[in-house]
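Asks: First the structure, which I've put down as C-alpha cells, then a few questions once you've had a look.
Read the figures in this text as sums done on the coordinates, not as results from a lab. Computed from a prediction, not measured in an experiment: that's the story for all the values here. Every residue, glycine as well, gets a Cβ built from its backbone with ideal geometry; the counts of neighbours run over all protein chains shown.
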Amino acid sequence: MPTASLRRSLTVLALAALSSVSVFAQVGAPVARLLQQPAFHGFQQAGAQLSGPGGVRVQLTPRGRFLEQATLTVPSADPALVARYLNVLLDGDYTAALTDFLGRPSVKAALPAGFTTQADAYDLRLQSSGAGLQVRVSLHQQSGFAPVPVARTLGSAAAPIVVRLYSDFQCPFCQKAELEALPAVLRQLGPDVRFEFHHLPLERLHPNARSAAEASVCAEQQGKFWPFKDALFRRNDWQRADSPVAAYRAVAAQVGLNLDQYQRCVASRAGRAEVDAGLAEADRLEVSGTPTVFVNGYTVPDPYDAASYQQLIEFVRAR
C-alpha cells in the first residue's frame, strides 16, 4: 500500500502529464480506436491480448465496444519504453515525468508488492514483473456524492446514470461550458440520465461567485433555478461589479420570480447553508476546480465538448 506522499507524487506526475488529455484518450474510448494507433501497428491480436515486439503485451478489458481497462506489460522497466505505450493509452506525454518518477527510491521500493493510486482521472496499478513492469490503467470512479435538491436536477430521480456538474457562476470556464457544451448535452439526455448542478463558488478567485450562488438558491426556492442560472451565465455585466445585486434582481425579474419573496430570501442569506454544503462536499471529494463534471463518478475529460459527456454516458451504459 503506497504512502500518502507516494500517492500525491503520482498524482502530481499525472497532472503534469495529462494536461492535454482529451475525449480521445484510449481508456474509456472505443477499443477499435486503440487498434488504429501507430504505436500498436505490427502487434498481433489474439482475443483481447495484443503482443508486440520485444515481448511487450497489452491485455484489453472491453466494456461493450469501449476499452474499460488496459494492462501494459513491458519486459524492461525502461521509462521510455513504458511511456511509449502509456502515452497512447492516456493521450499525454509521460516520458520525462515517468523517468523521474520511476527513478525515485520510494517508488522502486513499492513496486515489487505493487500499488494502485489515483492519477487525475485514472487509476494506475503498477507492479514489477520480473525485470519489467506492469501498469494497469482504468478510469477512476469517484463516489460519496451528496444529494442535491430536486429543483437543481433535471431528469428522473430513479435514473441510473447521473451527470454531476460542479460549477461557479463567476468562472469564465464554467460560462464557456454552459454556453458551448451544455445546451447540446441537455438536449441529448435520455430517460436513463439525470443531470445535477452542484455549487462550488471559488471565492478567493471570484469575489461575486458566492453571492450569485446564494441568489440562485433563492430562485430555486421558487422553482426557477434553471432559468435563473441560464440567464445569469448569459450576462457579462456583473462579474466584476462592486455590487452585483442589481444584476441578480434584474435576472430574478426576467425569469418571473416573486421579487418580494426573492428579496427577503437574499437579505436573510437563506441560501448560505446550501452553498456551504456544496463547498464542504467539494472539499471532501477533493474537487478544487471548476467546471468539474462526473458521469456516474467518472470525470468528463473535456467539459467544453458535448461529445465528451456523451462518450462517458455511452461508456456507462455499455455492459
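Asks: If the chain between residue 140 and residue 237 were fully stretched, how many nm would it gain, using 0.36 nm times the residue separation less the Cα-Cα distance?
Replies: Extra length available between residue 140 and residue 237 comes to 31.1 nm.
Asks: Continuing with this model, one more query. Hey, which aspartates and glutamates would be in cross-link range of residue 224, C-alpha to C-alpha under 14 Å, not counting anything within fewer than 8 residues on its own chain?
Replies: Partners found: 214.
Asks: To make sure I understand, if each residue's beta carbon is the centre and we count other beta carbons within 10 Å, what order do 161, 313 fall in, fewest to most?
Replies: The fewest-first ordering by Cβ neighbours comes to 161, 313.
Asks: So, one more: GNM on the chain, C-alpha springs below 10 Å: top fluctuator among 78, 100, 305?
Replies: Fluctuation is largest for 100.
Asks: How high is the FRET efficiency from residue 151 to residue 284, r the C-beta distance, R0 25 Å, rounded to 0.05? Intermediate values should be presented prior to the final figure.
Replies: Details: r = 23 Å, r/R0 = 0.91.
My answer for the efficiency is 0.65.
Asks: Which ³J(HN,Hα) values, rounded to whole Hz and listed in residue order, are derived for region 31-45 from phi using the Karplus coefficients 6.51, -1.76 and 1.60 in 6.51 cos²θ - 1.76 cosθ + 1.60 with θ = phi - 60°, glycine and proline given as x?
Replies: In residue order, the calculated couplings are 4, 4, 5, 4, 5, 8, 6, x, 4, 9, 5, x, 6, 9, 10 Hz.
Asks: Let me ask another. Using a 10 Å cut-off around each Cβ, can you sort 200, 257 from fewest to most neighbouring Cβ atoms?
Replies: The most exposed by this proxy come first: 257, 200.
Asks: Using a 7 Å offset from the Cα along the Cα-to-Cβ direction at both residue 35 and residue 205, what is the distance between the two label points in nm, to one decimal?
Replies: 4.1 nm
Asks: Still on this model: Which ³J(HN,Hα) values in Hz, rounded to whole numbers, follow from the phi angles of region 117-127 under the Karplus curve 6.51 cos²θ - 1.76 cosθ + 1.60, where θ = phi - 60° and Gly and Pro get x?
Replies: Karplus values, whole Hz, x for Gly and Pro: 9, 7, 10, 6, 8, 10, 9, 10, 10, 10, 7.
Asks: Take 260, 302, 230 and order them by how many other Cβ atoms sit within 10 Å, fewest up front. Working shown, then result.
Replies: Details: 260 8, 302 18, 230 15.
Ascending number of Cβ neighbours within 10 Å: 260, 230, 302.
Asks: Considering only C-alpha atoms, what is the centroid distance from region 291-319 to region 201-266, in Å?
Replies: If you average the Cα positions of each part, the centres end up 28 Å apart.
Asks: Once you have the Cα-Cα distance between residue 230 and residue 113, take 0.36 nm times their residue separation minus that, and quote the gain in nm to one decimal.
Replies: 37.0 nm
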